[in-house]
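The block underneath contains the structure these notes are about, expressed in structure tokens.
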Amino acid sequence: MLFLAKFESSVDVVVDDDMRDHRCDPAWRVWSSEWGYEEPDAKIFYALSAAGAAEKWAKWFDGRGDYSIIGGAAAVVHVQLVDVDRAEFLVLPTEVSVFEVYGESVPQYRAMPRAKPQEPAT
């Protein structure tokens, strides 16, 4: 589950439940103009890569309830490293990267053989 954390800064930070107190991954600013989020509306996601941050944005966006991305609509997402001073050390890009993110709903079914009913003893 994702939750939205409010900090003193004007930027919201979205993290996974199991990542609430974990900050080892670099922070990325993510926004999508075509879905109504301009650069000042960017959300912060912690991920090992810009692509990972874009995927987390898509999960957050779909988690609002309309599931448009997982339903087949792609989104153009802009991603930028927050801590550009560490970019060289982390070997990460400092410029804005653009990704197209999409998802799919994949139903999973399982079939298990049933045990044959035992015949009554005579």
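Read the figures in this text as sums done on the coordinates, not as results from a lab. What you see is a predicted model; the values in this text were computed from it and never measured. All Cβ positions, even for glycine, are placed from backbone atoms using ideal geometry, and neighbour counts span all protein chains on display.
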*Length added when fully stretched, Ala121-Glu95, from 0.36 nm per residue minus Cα-Cα*: 1.6 nm
*Across segment 105-114, in residue order, what do the Karplus-derived ³J(HN,Hα) couplings come to in whole Hz, using 6.51 cos²θ - 1.76 cosθ + 1.60 with θ = phi - 60° and x for Gly and Pro?*
9, 10, x, 10, 10, 10, 10, 10, x, 8
*Which ordering of Tyr37, Tyr67, Tyr109 is given by a fewest-first count of other beta-carbon atoms within 10 Å?*
Tyr109, Tyr67, Tyr37
